[in-house]
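Here's the structure, in structure tokens; my notes come after.
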Amino acid sequence: MKMAKAIRRQALTAERVAATTADTIVAGEMRSLAEAFRSQADILKRKKKTKKK
């Protein structure tokens, strides 16, 4: 599996945990983590595109 895809899958997992947890602090942290995962995946994808050119 490609790294960006694996990181996006981790973001989905973090969002799922955020939606199911009763603790609002943990839910907020998991949403932040999901956002960070998506940002990292976007960065990896951009780097891959620039290497191809």
Exercise for review: Note down all Cβ pairs under 7 Å where the first residue falls in the range 1-12 and is of a type outside the set (D, E, K, R), the second is open to solvent by 100 Å² or more (accessible area, probe 1.4 Å) and part of a helix (DSSP H, G or I), and they're at least six residues apart or on different chains.
Suggested key: ALA4/LYS45
Review point. Within the range 13-22, can you find the residues that are assigned to a helix (DSSP H, G or I) and either surrounded by 13 or more Cβ atoms within 10 Å (Cβ to Cβ) or touching a Ser or Thr at 6+ places or on another chain (Cβ under 7 Å) (or both)?
Key: THR13, ALA14, GLU15, VAL17, ALA18
Check your understanding: Within the range 23-53, which residues are open to solvent by less than 100 Å² (accessible area, probe 1.4 Å) and over 15 Å from the mean Cα position of the chain (by Cα)?
Key -> ASP23, VAL26, LYS48, THR50
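The values are calculated or read from the model by the stated rules, or taken from the named source; none is laboratory data. What you see is a predicted model, and the numbers here were worked out from it, not measured in a lab. Cβ atoms come from the backbone with ideal geometry, glycine included; neighbour counts cover every protein chain shown. We work out accessible area using only protein heavy atoms, side chains counted, and drop any ligands, DNA or RNA first. Shrake-Rupley method; radii C 1.70, N 1.55, O 1.52, S 1.80 Å.
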